[in-house]
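The structure appears below as structure tokens.
The values are calculated or read from the model by the stated rules, or taken from the named source; none is laboratory data. Source: prediction; values computed, not measured. Cβ: placed from backbone, ideal geometry, glycine included. Neighbour counts: every protein chain shown. Heavy atoms of the whole protein, side chains included, go into the accessibility calculation; ligands, DNA and RNA do not. Shrake-Rupley method; radii C 1.70, N 1.55, O 1.52, S 1.80 Å.
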Amino acid sequence: MVAENGTTPTDLVEEKLDQARKILRQNDRGTYTIPARGLYPFQWNWDSCLTALGWATFDEGRAWTEIETLFSAQWDDGMVPHIVFHKEDTGYFPGPDVWATGKSPATSGITQPPVAATCVRQLIETARDKETALEFGARLVPKIAAWHRWFYAARELNNSGLVVSIHPWESGADNSVDWDASLANVPVDEIPPYERRDTEHSVAEHRPTNSDYDKYLTLVHRYSNLGWKQSEIAPVAPFRVADLFVNSLLQRSNIDLQWLVEYVGASHLTEEVDGWVKKGKMGLQSLWSEPQQSFQPYDYAADQSITSISASTFLPLFAHATEPAQTQALVKRLWSWRDHTRYLVPSFDPTDPRFDSKRYWRGPVWAIINWMISDGLTAAGHGDLAKIIADDTRALIDQSGFREYFDPENGQGLGGDCFSWTAAMRLTWLSAQPVEAD
Ligand code: GLC
């Protein structure tokens, strides 16, 4: 259809994609991309990997640089940190002086959901320049394997096939309702006075509370006092949770690493990676709750299951780790969530009284989580629902901008603006024009 002013739907899509490319260029700091100006001025781990997918649509070389820069901050023990503080910026708290990890470049002391293997595989599969892709892939595979090895060495408890997160920020879903009970058990220590900076860039009501921050900081200081010796931290961490973000994305990455190992011919890693794939599936299966018909995180510090239901319950689909009956139950739940909110997928159960459509990870929609759920649904044969999620996400971005997150009830754009991974999702997963039904 051609509008009165002569614009076609294709022109409109091109305009959006142009805007998305512009955002990546604006957030580009040469060798890494910041998630958003003001709010997040450094390199974040999973943001960077997902943003590389966006770069690859118009500058493959820049996409590879993004991942290489992230891995240049990998610790000797294999951990890839959640933030790399390449340059000083006082606009963010807690900065490198608080983390005090003593690394160069300066980094935080925790990790984030591992998506590097999944993103590198996608970069290779879609590469126009296969030769360069193979070169980068071959260099990155041992580093990614070292990171996964670290997860199982430093964070797997009781040979469970599950790895624990020692801080809510490791899950990527910083302020999820899922962590409320676990966080309530974390004591608040005497910590040096501090000033938050996030509420200067974003509306305070949409951000975590001050008492949450006291706990977040207590954990950072405790671990810093243990000299950031990761294998000593996990068994005693006051926050010790097997969450579904890290475990599902690690399992998906294990599978994609299996593919990468084969592709680059790193056969010495085959047996080890096969072992992770097996135990990762076993671990996720152990988080299934038959009575709740959902996957539930496990609080190892309290030795009990976490019973709230967040969007992470759908992520085992992305990990190809669900049995058919579990897939059916998850699909049924998603359809029922759709009856409660205008846009899928709210980050938290909209039928739960704790649901908050505007507060960080307690209700709003994230484009990257939608991509993962949609991808998992497609693989499980539920393309209809996958398409609804894609169409919802595209509509949210096109109506409300490249925001950090969105209100699932009225579609309002929230949090940071001109957000890198939101732009990346528009450029990759959502680049095609929606097909209108007749
Ligand atoms: C917030 C999110 C986290 C993300 C970061 C940068 O802390 O919870 O997942 O990596 O912002 O976008």
**Request:** Once you've got the Cα coordinates, tell me which of Lys143/Lys229; Lys278/Lys358; Lys103/Lys143; Lys279/Lys358; Lys16/Lys358 are over 27 Å apart.
**Result:** Lys278/Lys358; Lys279/Lys358
**Message:** Once the convex hull of the alpha carbons of the stretch 279-438 is built, what does its volume come to per residue, in cubic angstrom?
**Reply:** 133 Å³
**Request:** State log₁₀ I(q)/I(0) for the stretch 259-305 at q = 0.14 Å⁻¹ as given by the Debye formula over alpha-carbon point scatterers of equal weight, solvent excluded.
**Result:** -0.53
**Message:** Counting only other residues whose beta carbon sits under 11 Å from that of Glu409, what net charge do I get with K and R as +1, D and E as -1?
**Reply:** 0
**Item:** Residue-averaged [θ]222 nm for the chain, counting only DSSP H segments that reach four residues, each worth -39500 (n - 2.57)
**Value:** -15000 deg cm²/dmol
**Request:** List every residue whose amide H lies under 5 Å from the amide H of Ser165, counting only residues 5 or more places away in sequence or on a different chain, with H placed 1.01 Å from N in the peptide plane.
**Result:** Val241, Ala242, Asp243
**Prompt:** Using a cut-off of 17 Å between alpha-carbon atoms, which lysines can reach Lys22, once sequence neighbours fewer than 8 places away in the same chain are excluded?
**Reply:** none
**Asked** If you find the alpha carbon centre of the stretch 103-176 and of the stretch 196-269, how far apart are they in angstrom?
**Response** 11 Å
**Cα-centre dipole for the chain with unit charges at Cβ (Lys and Arg positive, Asp and Glu negative), debye to 20** = 420 debye
**Fill in**
Computed over the chain, the relative contact order (Cα-Cα under 8 Å, seq sep at least six) in percent reads 18 percent
**Item:** Kirkwood Rh in Å, taken over all unlike Cα pairs in the stretch 223-358
**Value:** 16.8 Å
**Request:** Beta carbons within 10 angstrom, averaged per residue: use that to sort the peptides 90-100, 178-188, 157-167, highest first.
**Result:** 157-167, 178-188, 90-100
**Asked** Considering amide H positions built from the backbone, and no H for Pro or chain starts, which residues 5 or more places from Ser305, or on another chain, come under 5 Å of its amide H?
**Response** Asp299
**Request:** Provide the FRET efficiency to the nearest 0.05 for the Asp384-Asn185 pair, computing r from the beta carbons and using R0 = 35 Å.
**Result:** 0.25
**Message:** Could you report the stretch 254-407's accessible area per residue, 1.4 Å probe, as an integer in Å²?
**Reply:** 38 Å²
**Fill in**
A chain fully extended from Gln292 to Glu15 at 0.36 nm per residue, minus the present Cα-Cα distance, gains in nm 95.3 nm
**Complete:** Over the chain, cysteine residues that find no other Cys C-beta under 4.7 Å are Cys418
**Largest-first principal axis extents, alpha carbons of the stretch 346-438, Å** = 35, 29, 25
**Complete:** P(r) over all Cα-Cα pairs of the chain, 10 Å bins from 0 to the longest distance, whole percent per bin, short to long, reads 4, 22, 34, 28, 9, 1, 0
**Label-point separation, Thr307 to Lys278 (7 Å along Cα→Cβ), nm** = 3.6 nm
**Item:** Antiparallel DSSP beta bridges within the chain, percent to nearest 5
**Value:** 100 percent
**Fill in**
Note: the stretch 138-197 at 37 °C, 0.692 mPa s; Kirkwood Rh on alpha carbon pairs; Stokes-Einstein D in µm²/s works out to 226 µm²/s
**Asked** Can you pull the percent of the chain's accessible area that's carbon plus sulfur, 1.4 Å probe, other chains left in place?
**Response** 49 percent
**Prompt:** Which ³J(HN,Hα) values in Hz, rounded to whole numbers, follow from the phi angles of the stretch 276-293 under the Karplus curve 6.51 cos²θ - 1.76 cosθ + 1.60, where θ = phi - 60° and Gly and Pro get x?
**Reply:** 5, 4, 5, 6, x, 5, 4, x, 5, 4, 6, 8, 6, 10, 5, x, 8, 6
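Tally Lys and Arg at +1 and Asp and Glu at -1 over the other residues with C-beta under 12 Å from the C-beta of Gln26: what net charge comes out?
Once all neighbours under 12 Å are counted, the net charge is +3.
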**Request:** Place a +1 charge on the Cβ of each Lys and Arg in the stretch 351-412 and a -1 charge on the Cβ of each Asp and Glu, then give the dipole magnitude about the Cα centre in debye, rounded to the nearest 20.
**Result:** 180 debye
**Asked** Roughly how big is the stretch 160-297's charge dipole about its Cα centre, with Cβ charges of +1 (Lys, Arg) and -1 (Asp, Glu), in debye to the nearest 20?
**Response** 260 debye
**Request:** Please work out the average accessible area per residue across the stretch 14-164, using the 1.4 Å probe convention, and give it in Å².
**Result:** 35 Å²
**Fill in**
Mean projected area (nm²) from the convex hull of Cα positions in the stretch 54-193 is 10.9 nm²
